[in-house]
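The values are calculated or read from the model by the stated rules, or taken from the named source; none is laboratory data. Bear in mind the structure is a predicted one, so any value in this text is a computation, not a measurement. Neighbour counts are summed over all protein chains in view; Cβ atoms, including those assigned to glycine, are modelled from backbone coordinates with ideal geometry.
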Amino acid sequence: MKPNLPDHANAPSDAQRVQALSRLIADAQPVPLIAFLHALPPDDTPYTLSHLDDPLRTALFSLLAEHDADLGADLLEHFDDVYAAELVSDLDVAAAAAIVDEMDSDEQADVIGELVDTDAQAAEAILDAMSPEEASDTRRRLRYDEDTAGGLMITEYLHYPADQTVEQVAEDLREHGEAYAEYEVRYIYATDERRGLAGTVPMRRLVMAPRGTPVARLMAEYPFTVTVHTPTDELEDLFDRIDLSAVPVVDEAQVLCGVVQRAAVQEARGEAAEEDLAKARGIVGGEELRSMPVVSRALRRLMFLVPIMLLMMVSAAVIGLFRDTVQRVPLIAAFLPLVAGLCGSGGNQAVAVSMREISLGLVKPADLGRVALLEALPALINGVALGILIFAGVFLWERDAALALVIGTAVPTTILLAAVIGGGVPLMLRRAGLDPAMASGPVVTTLVDLVAYFTVLVLATLLLT
């Protein structure tokens, strides 16, 4: 008797999904193809589409542009903006415009913005082929920095003159219900004759109010607004303080421009954190996918590796200066990585604190001296404690008090310097107009290695030779 297996045991494998989708695209039959895509689990969609051959993926979106552009837009929104822009750039202009037309307004701006950075001519051609209203809205949004409310806002929202009644609003909602299906509808926004924001009306108040009530009487007592230039970190602070899912965005004239959602701010902060982590790991620009051109990826990585190589060559030169010491006391070479690694970790702890305080706006380049002092005190305590432990360990291991003294003395000195360097380098990079996340980690590591090698070898030269 066969065992009762769970349903997922008979689910197709990733390879089978890719093969099945490839056959449907090759057959160019839109109805079964669209049915297959609708049935594809959301978590498997990016993997399945990204593993199609490039010509098949282009053919897929070309078919969707003709037969179900809305589905094509939904599929594109599963991907990172860079990858989505690559997919769009592979389509002919008409197909690309048809799909981008159906995307949410914030996604439109993100994808076209990425395309502008790589192929401005193609981006302009797509904008020209889009519907005039969507193209105009996208061009306007592209003027705003992506890390501001203007860059994050959506323009699918509901607004009505403040003097309209509840019944008039309800009639409009009934008449255009299908068109408003994907709008932000938790709130409506009351506006004046020039579309200036008069106030925010929670949908619950609208539904429960008598039919003849003017919209103006339902506005929230303490309305919150942000401008198109409000940065993401301020938006994050605002949503931490208020219990709203969306906030209206206005320009300098208080004209309503869009709505920024809590979810969009959270997503933006998450993406920023991922980019910072990638930069700290040596990805120039904080963005790389293996679908990008190989030469471009290689050059971007090389831009990071060459400066690090030069710094490491300086460290190697320091060791070369003390080759006589190393020849006389060969065992000293065994402890260089220990001191350098330990102090590098201490330096990177200081980097992490400075990066956090920079992101919160708590420190500026002018605070370099204060940061150095506040890092030096705990580093000195930890350095002395670790120095004592290492002195004891080396002495018990080698029974050589002089060698133990060299290593034990080097550790407090280098940890102190590492903490000061680690705390200060992000601020110095910020002062120089560079991204602290891009270079702080590797710069600190190589500088600390250099300091550690120099300190250990100088002490060894003085005490052991």
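Observations on the structure shown:
- Looking only at residues of the stretch 288-302 that are outside any loop (DSSP other than H, G, I, E, B) and either surrounded by 13 or more Cβ atoms within 10 Å (Cβ to Cβ) or polar (S, T, N, Q) (or both), we find that the one that is modelled with the highest pLDDT is 301.
- All of 98, 73, 109 fail the test of being outside the structural domain of residue 261 (by TED's automatic domain parsing), of a type in the set (A, V, I, L, M, F, W, C), in contact with a Leu (Cβ under 9 Å, 6 or more places away or on another chain) and more than 23 Å from residue 268 (Cα to Cα), apart from 98.
- The stretch 131-189, residues that are out of contact with any Lys or Arg (no Cβ under 8 Å at 6 or more places or on another chain), surrounded by 18 or more Cβ atoms within 10 Å (Cβ to Cβ), more than 22 Å from residue 98 (Cβ to Cβ) and β-branched (Val, Ile, Thr): 148, 169, 188
- Within the stretch 7-34, the set of residues being modelled with pLDDT under 85 and more than 35 Å from the chain's Cα centre (by Cα) comprises 7, 9, 10.
- Residue pairs whose Cβ atoms lie under 9 Å apart, sitting 6 or more positions apart in sequence or on different chains, and linking a residue in the stretch 349-367 that is in the same structural domain as residue 414 (by TED's automatic domain parsing) and in contact (Cβ under 8 Å) with a residue 60 or more places away in the chain to a partner that is among the basic types (Lys, Arg) and in a helix (DSSP H, G or I), are 358/430; 363/370; 364/430; 364/431; 365/430; 365/431.
- Filtered by the rule that a residue be exposed (fewer than 15 other Cβ atoms within 10 Å of the Cβ) and aliphatic (A, V, I, L, M), the stretch 204-215 gives 207, 208.
- The criterion of at least 1 residues that are surrounded by 14 or more Cβ atoms within 10 Å (Cβ to Cβ) and small (Gly, Ala, Ser) is met, among helices (runs of 4 or more DSSP H) falling completely within the stretch 1-118, by 14-27, 45-50, 54-67, 69-76, 81-89, 93-101, 105-118.
- Any hit, the stretch 262-275, residues being of a type outside the set (Phe, Trp, Tyr), outside the structural domain of residue 426 (by TED's automatic domain parsing), buried (at least 18 other Cβ atoms within 10 Å of the Cβ) and touching a Lys or Arg at 6+ places or on another chain (Cβ under 8 Å): no
- Test for residue 86: is it outside the structural domain of residue 213 (by TED's automatic domain parsing), within 25 Å of the chain's Cα centre (by Cα) and not hydroxyl-bearing (Ser, Thr, Tyr): yes
- Residue under evaluation residue 372, criteria (1) under 25 Å from residue 235 (Cα atoms); (2) touching a Gly at 6+ places or on another chain (Cβ under 7 Å), criterion not met: (1)
- Residues within the stretch 411-463 that are free of Cβ contacts under 8 Å to residues at least 60 places away in the same chain and either among the aromatic types (Phe, Trp, Tyr) or touching an Asp or Glu at 6+ places or on another chain (Cβ under 9 Å) (or both), tallied: 2
- Among residues of the stretch 33-49, those that are of a type in the set (Gly, Ala, Ser) and under 15 Å from residue 13 (Cα atoms), counted: 1
- All of (1) outside the structural domain of residue 208 (by TED's automatic domain parsing); (2) over 22 Å from residue 247 (Cβ atoms); (3) of a type in the set (Ser, Thr, Tyr) hold for residue 138 with one exception: (2).
- Options 357, 375: the member that is modelled with pLDDT under 90, closer than 21 Å to residue 442 by Cα and of a type in the set (D, E, K, R): 357
- Unique residue being among the hydrophobic types (A, V, I, L, M, F, W, C), more than 29 Å from residue 272 (Cα to Cα), in contact (Cβ under 8 Å) with a residue 24 or more places away in the chain and not assigned by TED's automatic domain parsing to the domain that holds residue 236 when the list is 379, 385: 379
- Just one of (1) within 30 Å of residue 358 (Cβ to Cβ); (2) free of Cβ contacts under 8 Å to residues at least 40 places away in the same chain fails for residue 185. It is (1).
- Test: residue in the stretch 142-152 that is more than 21 Å from the chain's Cα centre (by Cα) and in a helix (DSSP H, G or I): no
- Subset of the stretch 50-79 (residues that are touching a helix residue (DSSP H, G or I) at 6+ places or on another chain (Cβ under 8 Å), within 19 Å of residue 15 (Cβ to Cβ) and among the charged types (D, E, K, R)): 53, 57
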